[in-house]
1. Which order do the peptides 87-97, 22-32, 108-118 take when ranked by the mean count of other beta-carbon atoms within 10 Å per residue, highest first?
2. Subtract the Cα-Cα distance of residue 19 and residue 69 from 0.36 nm times their separation in residues, and report this length gain in nm to one decimal.
3. On full extension of the chain, what length is gained from residue 106 through residue 220, given 0.36 nm per residue of separation minus the C-alpha to C-alpha distance?
4. Taking the simple approach of a point 7 Å from Cα along Cα-to-Cβ for both residue 148 and residue 120, what is their distance in nm?
5. Before rounding to the nearest 500, sum -39500 (n - 2.57) across all DSSP H runs of length at least 4 in the chain and divide by the residue total; then give [θ] at 222 nm in deg cm²/dmol.
6. By count of other Cβ within 10 Å, fewest leading, how are 228, 171, 138 ordered?
7. What list do you get for 62, 2, 33 if you sort them by fewest beta carbons within 10 Å?
8. Using a simple spin-label model with points 7 Å from Cα along the Cα→Cβ vector, what separation in nm is obtained for residue 141 and residue 128?
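Bear in mind that the values in this text are calculations on the coordinates, not laboratory data. What you are looking at is a predicted structure, and each value in this text was computed from that prediction instead of being measured. Note that we place each Cβ from the backbone using ideal geometry, even for glycine, and neighbour counts take in every protein chain shown.
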């Protein structure tokens with residue numbers, strides 16, 4: 001069984017807080033997520049500083065716009081030498097194909113966001129104006145769309161990982177958010193799972209957020225998560 005690559009979520013207000021957290025976590029935190037909060041506060045400079053310190057970066061911007069705009073954004077992210085970049089698979093085939101073309105030859109890997117882990121089936125049906133919609137079916141459908149447009153991976157909860165594999169094939173890479181250590185509160189997430197569950201189902205990457213970063217002892221929480229992955 002392969003072990004998923006853990007990514008630490010730097011969901012913090014600024015550069016000082018980001019590096020204070022990384023100092024507490026230590027050398028094991030060498031792959032980090034820069035999301036909307038931190039990127040909006042600090043811009044590309046935070047990515048450059050992280051890369052300058054030898055860290056791998058997952059730029060989680062969930063791009064969703066007209067194809068030309070998204071293609072240019074992908075080009076800009078490629079220039080920052082990030083490893084992973086997200087865009088919404090629901091942006092449609094033209095947008096996804098334009099992004100895939102823009103990423104060709106770059107080091108970054110695109111990931112199509114399928115259904116946010118904050119949504120359950122009822123919330124998804126309400127948002128999309130459809131009856132009897134299920135996250136599992138929609139994740140599989142969007143994974144196929146992403147694959148057919150040249151996007152090599154998707155973001156999906158652990159619960160939909162088998163659906164991605166069935167629909168889009170074993171070669172599709174999957175990043176799983178919504179990871180919680182056993183006993184931790186789900187917070188604003190609806191579809192959560194433990195690191196061990198993500199490993200057993202074959203996730204390629206998993207994001208470690210509040211269970212680690214908001215813990216009283218983040219380094220100890222990270223060691224616990226990594227031990228759980230190794231034990232899976």
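1. Details: 87-97: 20.4, 22-32: 15.8, 108-118: 23.3.
Ranking, from highest mean packing down: 108-118, 87-97, 22-32.
2. Values: separation 50, 0.36 × 50 = 18.00 nm, distance 3.12 nm.
Fully extending the segment from residue 19 to residue 69 adds 14.9 nm.
3. 37.5 nm
4. 3.2 nm
5. -13000 deg cm²/dmol
6. On the way: 228 18, 171 9, 138 23.
Ordered from fewest to most neighbouring Cβ atoms within 10 Å, 228, 171, 138 come out as 171, 228, 138.
7. Numbers: 62 17, 2 8, 33 22.
The most exposed by this proxy come first: 2, 62, 33.
8. The two pseudo-label positions are separated by 0.5 nm.
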